[in-house]
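Heads up: the structure comes next, in structure tokens.
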Amino acid sequence: QVQLVESGGGLVQAGGSLRLSCAASGRTFSIMGWFRQAPGKEREFVSAAIWSAATTYYADSVKGRFTISRDNAKNTVYLQMNSLKPEDTAVYYCAAEFGGGSIRLSGSYNYWGQGTQVTVSS
């Protein structure tokens, strides 16, 4: 059974950093992504990686501040978030098993974690 479990969220001041983790169990995935959803807004793409191609993707709003990576031995994906801004406040979700389409669309993924709250105070 596939399970994705996020952790690492919390409250941080603007300019601070957090590292989110997504521990996958049940299988490994060649493509994984991070999305976020703020109150009253749609879920939006944050970052994704095609591990076999060593290719990463970022939303323009986080490029240069966020970094996606993974630990193969732990089957865990990370999202390092630096220079956080109040507009980064959202629930962050890990996604896996890309089913085709755009890597930036939430509908392209079949598995989701439960989410972890990130709150950035000004």
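The values are calculated or read from the model by the stated rules, or taken from the named source; none is laboratory data. All values derive from a computational prediction rather than experimental measurement. All Cβ positions, glycine included, derive from the backbone under ideal geometry; neighbour counts span all protein chains shown. Side chains included, ligands, DNA and RNA excluded: accessible areas come from the protein's heavy atoms. Shrake-Rupley method; radii C 1.70, N 1.55, O 1.52, S 1.80 Å.
Of the residues in the range 1-22, how many are touching a Lys or Arg at 6+ places or on another chain (Cβ under 9 Å), more than 14 Å from ASN75 (Cα to Cα) and among the aliphatic types (A, V, I, L, M)?
1
Can VAL91 be described as modelled with pLDDT under 95, touching a Lys or Arg at 6+ places or on another chain (Cβ under 7 Å) and open to solvent by 30 Å² or more (accessible area, probe 1.4 Å)?
For VAL91, the condition - modelled with pLDDT under 95, touching a Lys or Arg at 6+ places or on another chain (Cβ under 7 Å) and open to solvent by 30 Å² or more (accessible area, probe 1.4 Å) - is not met.
Would you mention how many residues in the range 86-122 are over 15 Å from LYS41 (Cβ atoms), of a type outside the set (Val, Ile, Thr) and not in a strand (DSSP E or B)?
11
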